[in-house]
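Okay, so here's the structure we're looking at.
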Amino acid sequence: MYNPARTAEHINRIDKRRSDLQSQVAGLFLPSTQLVCEFGCGHGHFLAAYASAHPESQCVGLDISRERIERADRKRDRAKLANLRFVHADAGDFLGALPAGTTFSEIYILFPDPWPKRRHHKNRLMQPDFLENITRRAGEGARLYFRTDYEPYFREVELLLGAHPSWQLLAGPWPFEQVTVFQSRAPHHFSLAASRRV
Ligand SMILES: C[S@@+](CC[C@H](N)C(=O)[O-])C[C@H]1O[C@@H](n2cnc3c(N)ncnc32)[C@H](O)[C@@H]1O
């Protein structure tokens, strides 16, 4: 049954979480920084290796699982990677919390949850609305890298990006590779890269 007090409490909790995230994200990097961003970074294997190989890049990985972000943070601290931050956040909340002027130079989405059942497709990370949100943050010439072991999801994202006026699919191998936890368990995978049109 509708309970106005509980609804108000719930909305206040969400507002507080979003404003805390905004303060956290604002403190991570200088304003107007170009970021290398991984959505759903899990334990941070990929981005820790990337940040170590690219000390000039500012890298941020985020994941909705607190436990995975805690592990990723320990990895970052052990490797003393000053150019790498991990954030415990939902991808949509994170995009909403980024300071104006912060853009992405590279975006990685590696083995996102496939949600194979049709009625669960709405839970997939890579959807038209999400793509619009990252497109707004993608700087000129930005690259988007997507990889999954679930072919139907791959084909859908390939169509989505291929038809999008702001993105151009690229051929060829990725410039940087690091096997992720889910990649190491998958018998095969499908990859695409796209470039933000000027
Ligand atoms: C299948 S795992 C892949 C992890 C890692 N990328 C890898 O390849 O090993 C998907 C990850 O996405 C995270 N995730 C799912 N939905 C998310 C969301 N809305 N925002 C942020 N992270 C999300 C999950 O917590 C999980 O860690």
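FYI, it's all coordinate maths here, none of it is from the lab. Computed from a prediction, not measured in an experiment: that's the story for all the values here. Reconstructed Cβ throughout: ideal geometry from the backbone, glycine too, with neighbour counts over all protein chains shown.
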Relative contact order %, the chain, counting alpha carbon pairs below 8 Å whose residues are six or more apart: 21 percent
Using modelled backbone amide H atoms (1.01 Å from N, in-plane), which distant-in-sequence or interchain residues come within less than 5 Å of residue 58's amide H? 36
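With only Lys, Arg, Asp and Glu charged, each at its Cβ (+1 for the first two, -1 for the last two), find how big the charge dipole of the chain is about the Cα centre; round to the nearest 20 debye.
The calculated dipole for the chain is roughly 340 debye.
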Give the separation of the Cα centroids, the range 129-198 to the range 23-92, in Å. 19 Å
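Please report, in debye to the nearest 20, how large the charge dipole of the range 1-72 is about its Cα centre when each Lys and Arg carries +1 at its beta carbon and each Asp and Glu carries -1 there.
Details: 8 positive and 8 negative charges, 60 e Å.
Charge dipole of the range 1-72: 280 debye, to the nearest 20.
Tell me, 107, 11 in order of fewest to most beta-carbon neighbours within 10 Å?
So the residues, fewest neighbours to most, are 11, 107.
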Which order do the peptides 158-168, 49-59 come out in when sorted by mean C-beta neighbours inside 10 angstrom, highest first? 49-59, 158-168
Per DSSP H run of at least 4 residues, take -39500 (n - 2.57); add these up for the chain, divide by its residues and hand me the 222 nm value, nearest 500 deg cm²/dmol. -12500 deg cm²/dmol
Counting DSSP beta bridges with both ends in the chain, the antiparallel % (nearest 5): 30 percent
Which whole-number percent is the relative contact order of the range 1-105 (Cα, under 8 Å, 6+ apart)? 34 percent
Charge-dipole axis of the range 4-196 as Lys and Arg at +1 and Asp and Glu at -1 on Cβ define it, positive-most pick from 160, 148, 69: 69
Shape call for the range 4-196, from the Cα gyration tensor axes a ≥ b ≥ c (a/c under 1.5 means rounded, otherwise prolate when a/b beats b/c, else oblate), comes out rounded
Given Cβ charges of +1 for Lys and Arg and -1 for Asp and Glu, the option among 182, 133, 28 whose Cα lies farthest towards the positive end of the dipole of the range 4-196 is 182
